[in-house]
Structure formats: structure tokens, C-alpha cells
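Read the structure below first, then the notes.
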Amino acid sequence: MKKQLIKLNQPMLINNSNTLARNYQTIYGFFAPYFDDDEERNELVEDHIREYINYLATIHEWDNNRCGCGYSLRNKGGELRWIDKTTGKEHTWDNWTREIGRKCIDKFGQGYISYLIDLDNAIYECLSCGISGGWVCCKSLMDTLVTIAEDQETEKSDCDLPF
């Protein structure tokens, strides 16, 4: 099964706890869908990848610099809300939050490389050991997956954000 392996140019640190106790997870990348014969769908996936990294950047900023953020986060009924500290206005994922994400990406210098990888050829790798919540959280697994993808000669693209 072919997937896109998204390797962040630098890891992000995300608190993945649903309780008051923090549980930080280092994210080196993630997988995204790939459609063999549908370039249009793959272009949509590429847009979603960029949007997701934008989203992750806001979460990374919040989890690591709460006092310096111009916003706060709140989980309301299972949906994340961004609250503008200046106006008090609540936002879901909208243009205001996207702009925050772009600023975070600029601040961190975040980018990524996308590899096309056939996971059927990664059968000797313990994917479950280094993946949490859909994120590749193990540097050595990410390095191994990149090597497999490069050996398959399917490196797809290199992208520097912002978009």
C-alpha cells in the first residue's frame, strides 16, 4: 500500500494529554494518503498536508509558549477553540487561526519533505512501536522509513513553508 511519508524538517513537540497532566510527544512526521491514478486527489491531499502542518504549528506554539501566544486554546465539546487574547473572540479553524499558523511556521522555519513509500515493503519494521495517534514519533523509525522510501527511488517533493 502506497502512502505519502511526510517528514518534518524539524520535530514538533505536542502535548497529547486529555488531562491536566502534560504528556509531550515529539512528532517527526506522519503518513498521508496517496492515490495511484488520481493526481487531482493527490493535489487536494497536498493542500491538506500543508493545512495540517499549519494546524500543528499553532498547537506546538501553544504547548511550548503559552505566555507568549496571542491566543489561548480550549476544548469545547471535543472541538478545539482558539481564543483571541486581545478581543476575547472564539475561533474554530478559520482564517484568523490559519494566519497564526503561518506566523508560527515562519517563526519555527518549519518545512517538510514528502516521500512516496510502499509500506508493503516495510514489513520488517515495527510501525506500531514508533507511531502514536497517526504521528511518527520515533526518530529512528522515521530515518528507516526515509531510507526505505529513498531505496524505492520515490522521493516526491521538498517543501518549505509558508504556503
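Structure above, values below:
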{"quantity": "Residues located in the stretch 140-163, provided they are farther than 20 Å from Phe35 by Cα, at pLDDT 65 or above and open to solvent by 30 Å² or more (accessible area, probe 1.4 Å)", "calculated": "Ser140, Asp143, Thr144, Thr147, Asp151"}
{"quantity": "Pairs, first of a type outside the set (Asp, Glu) in the stretch 113-130, second in a helix (DSSP H, G or I) and at pLDDT below 80, C-beta under 9 Å, six or more apart", "calculated": "Leu119/Leu127"}
{"quantity": "Residue in the stretch 22-42 that is free of Cβ contacts under 8 Å to residues at least 12 places away in the same chain and of a type in the set (Gly, Ala, Ser) present", "calculated": "no"}
{"quantity": "Of all residues in the stretch 106-139 being polar (S, T, N, Q) and modelled with pLDDT of 90 or more, the one that is nearest to the chain's Cα centre (by Cα)", "calculated": "Gln110"}
{"quantity": "The lone exception for Thr58 - which of (1) of a type outside the set (Asp, Glu); (2) closer than 16 Å to Pro11 by Cα; (3) open to solvent by 40 Å² or more (accessible area, probe 1.4 Å) it fails", "calculated": "(3)"}
{"quantity": "Wholly enclosed strands (runs of 3 or more DSSP E) of the stretch 1-80 bearing at least 2 residues of a type in the set (S, T, N, Q) and touching an Asp or Glu at 6+ places or on another chain (Cβ under 9 Å)", "calculated": "2-15"}
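The values are calculated or read from the model by the stated rules, or taken from the named source; none is laboratory data. Keep in mind it's a predicted model, so treat the numbers as computed, not measured. Every residue, glycine among them, receives a Cβ derived from its backbone with ideal geometry; neighbour counts consider all protein chains shown. Please note that ligands, DNA and RNA were not included when accessible areas were found on the heavy atoms of the full protein model with its side chains. Shrake-Rupley method; radii C 1.70, N 1.55, O 1.52, S 1.80 Å.
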